[in-house]
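Everything on this sheet refers to the single structure shown next.
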Amino acid sequence: MDPTKPILQVKDLTHVYSAGTPFEHVAIEQINLSIFPGELIGVIGHTGSGKSTLIQHLNGLLKPSSGQVLFKGENIWKDKKFTHAIRGRVGLVFQYPEYQLFEESCRKDIAFGPRNQGVSGDELEARVRRAAGFVGLEESLLDKSPFDLSGGQKRRVAIAGVIAMEPDVLILDEPTAGLDAAGRDSILENIRAYQRAQNAAVIMVSHSMEEVAELCSRLIVMNKGRVAMDGVPAEIFTHADELTEMGLSVPQVTTVFRLLREKGLALPADVYTVRYALARLLERKEGRPC
């Protein structure tokens, strides 16, 4: 894939639920975005901001009321066959995906997607093993029933089922919801490993500002069905007041530095991770400008 050309483009995308009825609701309106290979993007916004509606358009689960979604320059709704194929190229992992497990073994669950793509034999087994490896699922668990596993292991099986299709774009809706700290950190590292190994674009919806600050190189902020902000985390989190007005928080370390600046300390406004904060404080201690 050419890293200079977008893998996905969203052009003037609008979606209206229950159009022409008393329940008509404009969920997203005039969205324009370009997603490039290898990007790791966080999508944030309050409940009802349009995040879920947006991501369900990216692999054709929802059809636009107007506008287009392009995959490698082609409209994903150009024909039914192409729309169906896109769902393997743009993989979507829903929130709590473990509730969608249904096969008698983890191996069969992971193999379900690629098998429907026509993959079989040694290649199918290789994909299952690769996907299990990416999510940190031990091979000894592959022949067990997914219903005998822990919550975190079930989550890994579900994510592996999408990764086994080897999508060019991987979309995850709240992938760490309900997990403990260790499980959360492990899943996030698994996601990063897949993104690096495949040079895939990864889009992650999250309510955790710490997660997106630590993991993502670009943030898209949704508000009232529109893109309110789009930029690198350091830039986005300097707009703490605006984010708060939208019903969002900022990373705790950003808030701490903001309070210190209000007390007169000459500290930067673009701190958004503990690692970055430590580096700025060391610079200050050594007498260098932050």
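The values are calculated or read from the model by the stated rules, or taken from the named source; none is laboratory data. All values reported here derive from a predicted model rather than from experimental measurement. All Cβ positions, glycine included, derive from the backbone under ideal geometry; neighbour counts span all protein chains shown.
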Worksheet item: What number of residues within the stretch 135-150 are buried (at least 20 other Cβ atoms within 10 Å of the Cβ) and not aliphatic (A, V, I, L, M)?
Response: 1
Worksheet item: Here are some residues: ALA213, ALA277. Which one is among the hydrophobic types (A, V, I, L, M, F, W, C) and within 28 Å of PRO3 (Cβ to Cβ)?
Response: ALA213
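Looking only at the stretch 119-150, how many residues end up being touching a residue at least 40 places away in the same chain (Cβ under 8 Å), of a type outside the set (A, V, I, L, M, F, W, C) and in contact with a helix residue (DSSP H, G or I) (Cβ under 7 Å, 6 or more places away or on another chain)?
Of all residues in the stretch 119-150, those touching a residue at least 40 places away in the same chain (Cβ under 8 Å) come to 134-136, 145-147, 149.
Adding the requirement that they be of a type outside the set (A, V, I, L, M, F, W, C) leaves 136, 145-146.
With the extra rule that they be in contact with a helix residue (DSSP H, G or I) (Cβ under 7 Å, 6 or more places away or on another chain), the set shrinks to 136, 146.
Here the count works out to 2.
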Item to complete: Tell me which residues, restricted to the stretch 163-211, are surrounded by fewer than 20 Cβ atoms within 10 Å (Cβ to Cβ), more than 20 Å from GLN100 (Cα to Cα) and of a type in the set (Gly, Ala, Ser).
Response: ALA181, ALA182, SER186, ALA193, ALA197, SER208
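Rundown of residues vs (1) assigned by TED's automatic domain parsing to the domain that holds GLY38; (2) within 18 Å of the chain's Cα centre (by Cα); (3) in a strand (DSSP E or B); (4) small (Gly, Ala, Ser), yes/no style:
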| position | (1), (2), (3), (4) |
| --- | --- |
| VAL221 | yes, yes, yes, no |
| VAL227 | yes, yes, yes, no |
| ASP230 | yes, yes, yes, no |
| ALA234 | yes, no, no, yes |
| THR238 | yes, no, no, no |
| ASP241 | yes, no, no, no |
| THR244 | yes, no, no, no |
| VAL256 | no, no, no, no |
Worksheet entry | Which numbered condition ASN223 fails, given (1) within 17 Å of ILE41 (Cα to Cα); (2) out of contact with any His (no Cβ under 8 Å at 6 or more places or on another chain) | (2)
Worksheet item: Take the residues of the stretch 87-123 that are at pLDDT 95 or above and under 26 Å from GLN30 (Cβ atoms): which is surrounded by the most Cβ atoms within 10 Å (Cβ to Cβ)?
Response: VAL90
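Could you say which residue among SER34, SER18, SER105 is of a type in the set (S, T, N, Q), in contact with a strand residue (DSSP E or B) (Cβ under 7 Å, 6 or more places away or on another chain) and touching a residue at least 24 places away in the same chain (Cβ under 8 Å)? First the steps, then the outcome.
Working: SER18 fails: touching a residue at least 24 places away in the same chain (Cβ under 8 Å); SER105 fails: in contact with a strand residue (DSSP E or B) (Cβ under 7 Å, 6 or more places away or on another chain).
Checking each option against the conditions leaves just SER34.
I need a count of the residues in the stretch 201-219 that are assigned to a helix (DSSP H, G or I) and among the small types (Gly, Ala, Ser). Walk me through how you get there before you give the answer.
Step one: list which residues in the stretch 201-219 are assigned to a helix (DSSP H, G or I), which gives 209-215.
Going one step further and asking which of them are among the small types (Gly, Ala, Ser), we end up with 213.
Looking only at that region, the number is 1.
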Worksheet item: Hey, any hits in the stretch 66-89 for a residue that's assigned to a loop (DSSP other than H, G, I, E, B) and under 21 Å from the mean Cα position of the chain (by Cα)?
Response: yes
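Restricting the search to the stretch 36-59, which residues are assigned to a loop (DSSP other than H, G, I, E, B) and either among the polar types (S, T, N, Q) or over 21 Å from ILE86 (Cα atoms) (or both)?
As a first pass, look at the stretch 36-59 and keep what is assigned to a loop (DSSP other than H, G, I, E, B): 36-39, 45-50, 59.
Within the stretch 36-59, GLY45, HIS46, THR47, GLY48, SER49, GLY50, ASN59 qualify.
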